[in-house]
Amino acid sequence: MSLAGLMQRQSLLISDLLAHAATYHGDVEIVSHLHAGEVRRSNWRTVAHRAAQLAHALPTLGVAQGDRVATLAWNSDRHLELYYAVAGTGAVLHTVNPRLFPEQIAYILGHAADGVVFFDLDFADLLVKMAPQLTGVKRFVALCRADQLPTLDLPHLVSYESLIEGLPQQYDWPDLDEATASSMCYTSGTTGNPKGVLYSHRSTVLHSFALCAADGMALSARDSVLLAVPMFHVNAWGVPYAAAMCGAKLVLPGSGLSGERLYAHMVNEACTFSLGVPTVWLGFFQYIDQQGVALDLRALRLQRVVVGGSAAPRALIEKFEEKLGVFVIQSWGMTETSPVSTVVSLLPKHAGQALSDRFAVQSRQGRAIFGVEVAVFGADGQRLPHDGKSVGEIRVRGPWVLCAYYGNAPDSALDAQGWFSTGDVAYIDPDGFVQITDRSKDVIKSGGEWISSIDLENAAVGHPSVREAAVIGVPHSKWQERPLLIVVLKPGETLTGPQMMEFLTDRVVRWWLPDDVVFVDELPHTATGKLLKTRLREQFRDHRLPTDVA
Ligand code: AMP
């Protein structure tokens, strides 16, 4: 018979993260750039006081334990207070992506049965237009002061500041079961309706430990973090929680993610660490390149940048290192995995290696961190070896991976062995580094062999004139499918199809070379900035490849 350990059974709770930050890192700043240029300087102590005030206010809005509370908001201290107050009281914070189509937002708010919506004034018009469809929403709270609140045709509208004003700055946070739901996000879904993922206090706290671990993201009290990933995108990759765990400073940029704004925040707030999707960083370097010598890059204190959400192009990794001396931590994950699952962190064998070899390591999606088991399975359901060549679908399992979508039966998203199928296609090398080659639905199958659209896209954006590139498979009478490269050029640049092909010749294997190159002004994206390939496939469905002579 097993013997019970004699350790305390204290729940892992989000309210304890904030209590810790307020006690040990109370003076550490939280800097927010709000609507219309307003800047607010807060700190962890004040966030804790105001989260307590908000917790006292929630019952006055009719919010009880288990209820869902929606936000349509940029990154700010008020949004951070909502993260802690809502979850801390046992309700569920539902961060809605405001970039979704209005019909999708209405669907999500209805599906989650949100009774209250907290919103930034930027989304006031959107909500007023949608209000007749939002029959379940009883109350609206604008994230502003009373004197900033416009007259809006929304029921029971109050300003955030008048809601919490005068309420006690201490709150007796309940000792919840750690399995209690704390927050929820809907997958952006390129097809079908979005699906809800429901995180728990336990999964969130465990995920925070992983972000603070040395071989996770090494987030620490010495970091000043520019959060360039939105707080409505998978809890800003968990950083608002992990930053409280370690007492990091947070710089919350509101809606302003232009290269110019990000650069200014980094300099002004001595940021050491930042995170964002590749598109954000492409804009950042566009600004730096345009400014040229007018910028004194030595003013930057940046050391590490996490790039995730889409594959980090090698050209971006090189630029960060060569221009700014910044190490790019590529990370892979998804809404369903909280999101961090694999992280690039170097091994002893990589010490002293040539930069070009190191870039190759960083161009992969990284290795599994403890807490997420990552495996690749073949079409026949067999687990594939870590041999650097066997390509299959990634499946994951672990304490911060979902077991079912919101509203479905527990474990309904898992197979009999408890694995969640991610839909990403990859191989794993003998060191455990994952290399994603595609989403399963984006894979190009040419004559029975797979061509990686991601590798081709990364090679194409390595060209100095290219801003963005997408590769899709189009029908071919001999090969079933062949790759078509669709390119957006940087402003003022010119490039021809043959020049692009010549550039790619040394960079990808010959039979992967696209059969055609087309230039467009822009590419369609999902609400989280990923290429919307379904739209591209529709758009180019009848594209006739010059190689298809049948
Ligand atoms: P989301 O749930 O919106 O965060 O999207 C998750 C998906 O983004 C994953 O399933 C991948 O297809 C993609 N993704 C995330 N990070 C990476 C990465 N580092 N490299 C390639 N694809 C990524």
Take GLY371 and decide whether it is small (Gly, Ala, Ser), away from the ligand (no atom under 16 Å from the Cβ), surrounded by 18 or more Cβ atoms within 10 Å (Cβ to Cβ) and touching a residue at least 12 places away in the same chain (Cβ under 8 Å).
yes
I want to confirm something. Restricting to the stretch 382-424 and keeping residues that are of a type in the set (D, E, K, R) and in a strand (DSSP E or B), which single residue is farthest from the ligand (Cβ to nearest atom)?
ARG383
May I ask you to verify whether LEU257 is at pLDDT below 95 and within 30 Å of VAL197 (Cα to Cα)?
yes
The correct count of residues that are under 24 Å from VAL374 (Cα atoms) and assigned to a strand (DSSP E or B) in the stretch 450-472 is 2
Exactly one of LEU80, LEU13 is crowded, with 20+ Cβ neighbours inside 10 Å and either at positive phi or in contact with a Pro (Cβ under 7 Å, 6 or more places away or on another chain) (or both), and that one is LEU80
Count of residues meeting criterion [more than 22 Å from VAL517 (Cα to Cα) and within 14 Å of the ligand (Cβ to nearest atom)] in the stretch 429-467:
5
Counting only strands (runs of 3 or more DSSP E) wholly inside the stretch 119-193, the ones holding at least 3 residues that are within 16 Å of the ligand (Cβ to nearest atom) and among the β-branched types (Val, Ile, Thr) are none
Selection within the stretch 525-550 - assigned to a loop (DSSP other than H, G, I, E, B) and either at positive phi or within 16 Å of the ligand (Cβ to nearest atom) (or both)
THR526, ALA527, THR528, GLY529, LYS530, LEU532
Residues to consider are GLU481, GLU522; find the one that is in contact (Cβ under 8 Å) with a residue 12 or more places away in the chain, out of contact with any helix residue (DSSP H, G or I) (no Cβ under 9 Å at 6 or more places or on another chain) and either assigned to a loop (DSSP other than H, G, I, E, B) or under 30 Å from SER255 (Cβ atoms) (or both).
GLU522
Without any contact (Cβ under 8 Å) to a residue 12 or more places away in the chain, surrounded by fewer than 22 Cβ atoms within 10 Å (Cβ to Cβ), outside the structural domain of ASP455 (by TED's automatic domain parsing) and closer than 20 Å to ASP455 by Cβ: is that true of SER356 in this structure?
yes
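Yes/no per residue for (1) at pLDDT 95 or above; (2) within 21 Å of the chain's Cα centre (by Cα):
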residue	(1), (2)
VAL31	yes, yes
VAL47	yes, no
TYR84	yes, yes
THR89	yes, no
PRO98	no, yes
LEU109	yes, yes
ASP114	yes, no
Any idea how many residues of the stretch 268-299 are outside any helix (DSSP H, G or I) and either of a type outside the set (A, V, I, L, M) or crowded, with 19+ Cβ neighbours inside 10 Å (or both)?
9
Just checking, which of GLN353, GLN365, GLN330 is away from the ligand (no atom under 16 Å from the Cβ) and not β-branched (Val, Ile, Thr)?
GLN353
Of the residues in the stretch 98-118, how many are in contact with a Gly (Cβ under 9 Å, 6 or more places away or on another chain), among the small types (Gly, Ala, Ser) and either in a helix (DSSP H, G or I) or not assigned by TED's automatic domain parsing to the domain that holds GLN148 (or both)?
2
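The values are calculated or read from the model by the stated rules, or taken from the named source; none is laboratory data. Computed from a prediction, not measured in an experiment: that's the story for all the values here. Methodologically, a virtual Cβ is constructed for each residue, glycine included, from the backbone with ideal geometry; neighbour enumeration extends over all protein chains shown.
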